[in-house]
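Q: I am attaching a structure below and will ask some questions about it afterwards.
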Amino acid sequence: MSGTATDASEAKAYYHVVCRDCLTESVQTDAETAERVRRRHESETGHVVAVGSI
């Protein structure tokens, strides 16, 4: 059904940023911000952080 919010081409992407070593996690609305959050946390803590599209 064209023009609905469920169209894959119109769906907004979200990115889950989660630390594997502590309780830090967030949801970002663009990949660039998600990667920036990941890099910052890894550099400040030495933790392993994963980013996934949700």
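Q: What are the pairs, 6+ residues apart or on separate chains, where a residue within the stretch 20-34 that is in contact (Cβ under 8 Å) with a residue 12 or more places away in the chain has its Cβ under 8 Å from a residue that is among the basic types (Lys, Arg)?
A: Partner pairs satisfying both residue conditions: Thr29/Lys12.
Q: Moving to a separate point now. Whether any residue in the stretch 24-33 is small (Gly, Ala, Ser) and at pLDDT 95 or above is what I want to check.
A: Step one: of the stretch 24-33, the residues small (Gly, Ala, Ser) are 26, 31.
Still in the running and at pLDDT 95 or above: 26, 31.
Yes, some residue in the stretch 24-33 is small (Gly, Ala, Ser) and at pLDDT 95 or above.
Q: Taking the options His16, His41, His47, name whichever one is part of a loop (DSSP other than H, G, I, E, B) and either loosely packed, with under 11 Cβ neighbours inside 10 Å or modelled with pLDDT of 95 or more (or both).
A: Within the list His16, His41, His47, the selection yields His47.
Q: Output the residues belonging to the stretch 25-45 that are hydroxyl-bearing (Ser, Thr, Tyr) and within 20 Å of Ala13 (Cα to Cα).
A: The answer is Ser26, Thr29, Thr33.
The values are calculated or read from the model by the stated rules, or taken from the named source; none is laboratory data. These numbers were taken from a predicted model, which means no experiment stands behind them. Cβ coordinates were reconstructed from backbone atoms using ideal geometry, including for glycine residues, and neighbour counts include every protein chain displayed.
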